[in-house]
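Coordinate-derived values only; no laboratory data. Please read these numbers as outputs of a predicted model, since none were measured by experiment. A quick note on method: Cβ atoms are made from the backbone with ideal geometry, for glycine too, and the neighbour counts reach across all protein chains shown.
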Amino acid sequence: MRCPSWRRDAYPVEPELAEILRAHRERLLQTNAKGLAEGWMFPSAEGTLRTPNSLDRAWAKCLKHAEITKRFTVHGLRYTFTDLVRRANVDAVVRRALTGHVTEQMQRHYSTVGLDEKRAAIAGVLRLVGPGAGPAGGSGGGNAALPPQELN
């Protein structure tokens, strides 16, 4: 498969996916599909690049098969993957390389923080400044030992 020189990125492919892609490529070769000479992996029936909506029918079938009834787009997969690699504590540079995001700002744009993560962060702070962690405990806040209702 060819791609522009500015996008010659290498992405890891699991063996199962590699086998599926090999079989797909073999079918294209056996049927002498249009677009092979151009190096396309998923050419349209005319041998050109596919249009953005070319996945609509297949995506709808996938959602039905998975019994997903809420709105979920193909683009939503990008958000999901971004969140999953972040939650897996993958290094920021590696995350950007995998998602194609050039800047940390764009990486943050595609990330969401779950309620469980927020709770874990608050619990971590409370462990640091819990009861008895006043000025002598290093918090310097003066009211760290107060119950939450008294902080209002």
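Miscellaneous remarks
- Order by protection proxy (mean Cβ within 10 Å, highest first), peptides 98-111, 45-58: 98-111, 45-58
- Segment 75-94-segment 11-28 distance, computed between alpha-carbon centres (Å): 23 Å
- Those lysines that a straight Cα-Cα span of less than 21 Å connects to Lys61, excepting residues fewer than 8 apart in one chain: Lys70
- Counting other Cβ atoms within 10 Å as a rough exposure proxy, the listed residues Lys61, Lys70 run Lys70, Lys61 from fewest neighbours to most.
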